[in-house]
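Novice: Have a look at the structure that comes next, please.
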Amino acid sequence: MAIFPNDTDIVLVAILPSPKDLDIARMLGWYRIPLKSAPKVIAVDYVAFYQTGAFGSENKWIIRYIAPVKGHELTLREDLFREEPNHPRAKEEYYKIQIGSLIGL
């Protein structure tokens with residue numbers, strides 16, 4: 001049984017730039033936000049995932065999933081993606097938002 005947000009829950013709408021990001025959320029249970037572009041409020045109850053044009057004509061520009069937030073931490077991008085040590089933003093700080101299972105809308 002899925003649990004949905006109630007009227008008092010805070011929901012952050014997060015951009016999923018690619019299907020890879022949805023896979024990370026679904027399989028690894030986290031989402032990342034660069035500190036330099038993060039909203040002022042990170043301590044939220046749910047994240048709603050807005051899918052961009054990268055998801056194709058049937059799945060673009062919509063929110064298909066939400067997930068409960070379990071916590072967050074500040075970390076470096078290189079710690080999130082150890083296979084990309086030379087990435088141009090490897091040393092930048094990111095919020096790692098830990099999430100529960102995705103809930104389809």
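Novice: Over the heavy atoms of I103, what accessible area does a 1.4 Å probe trace out, to the nearest 10 Å²?
Specialist: 20 Å²
Novice: Can I ask one more? Name the long-range amide H neighbours of I62: under 5 Å, sequence gap of 5 or more, or other chain; modelled H, no Pro or chain starts.
Specialist: Residues meeting the criterion, in which the H sits 1.01 Å from N, are Q51.
Novice: Kindly write out, for the stretch 26-41 in residue order, the coupling ³J(HN,Hα) from the Karplus curve 6.51 cos²θ - 1.76 cosθ + 1.60 (θ = phi - 60°), rounded to whole Hz, with x marking Gly and Pro.
Specialist: 5, 8, 9, x, 8, 9, 10, 9, x, 4, 5, 10, 6, x, 5, 10
Novice: Same structure, new question: Please work out whether the stretch 1-54 counts as rounded, prolate or oblate from its C-alpha gyration tensor, where a ≥ b ≥ c are the square roots of the eigenvalues and a/c under 1.5 means rounded, while otherwise a/b larger than b/c means prolate and anything else oblate?
Specialist: oblate
Novice: Only bridges with both residues in the chain count here: give the DSSP antiparallel percent, nearest 5.
Specialist: Of those bridges, close to 75 percent are antiparallel.
Novice: Here's something else I'd like to know. Can you give me the long-range amide H partners of L76? Hydrogens built in the peptide plane at 1.01 Å from N, cutoff under 5 Å, separation of 5 or more residues or another chain.
Specialist: Those lying under 5 Å, H to H, from L76 are Y94.
Novice: Output wanted: per-residue J couplings in Hz (rounded whole) for the stretch 52-60, from phi through Karplus 6.51 cos²θ - 1.76 cosθ + 1.60, θ = phi - 60°, x for Gly and Pro.
Specialist: These are the phi-based 3J(HN,Hα) values: 7, x, 5, 8, x, 4, 7, 10, 8 Hz.
Novice: Counting pairs of alpha carbon atoms under 8 Å apart in space and at least six apart in sequence, what relative contact order in percent does the chain give?
Specialist: 31 percent
Novice: Given the rule -39500 (n - 2.57) for each run of at least 4 DSSP H residues, summed and divided by the residues of the chain, what is its mean residue ellipticity at 222 nm, to the nearest 500 deg cm²/dmol?
Specialist: That calculation yields -1500 deg cm²/dmol at 222 nm.
Novice: So if each residue of separation counts as 0.36 nm, and I subtract the Cα-Cα distance between K36 and Y50, what length gain in nm does that give?
Specialist: Value of the extension gain: 3.1 nm.
Novice: Quick check: with the 1.4 Å probe, what order do L28, L102 take by accessible area, largest first?
Specialist: Most to least solvent-accessible, the answer reads L28, L102.
Novice: Name the residues whose placed amide hydrogens come within less than 5 Å of the amide hydrogen of I99, ignoring near sequence neighbours (fewer than 5 apart) on the same chain.
Specialist: For I99, the qualifying residues are W30, Y31, K70.
Novice: Rounded, prolate or oblate: which fits the stretch 20-99 when a ≥ b ≥ c are the square roots of the eigenvalues of the alpha-carbon gyration tensor, with rounded for a/c under 1.5 and prolate only if a/b beats b/c?
Specialist: Because a/c hits 1.5 or more and a/b fails to exceed b/c, the stretch 20-99 counts as oblate.
The values are calculated or read from the model by the stated rules, or taken from the named source; none is laboratory data. Note that the structure is a prediction, hence the values are computed from the model and not measured. The area values use the complete protein model at the heavy-atom level, side chains included, leaving out ligands, DNA and RNA. Shrake-Rupley method; radii C 1.70, N 1.55, O 1.52, S 1.80 Å.
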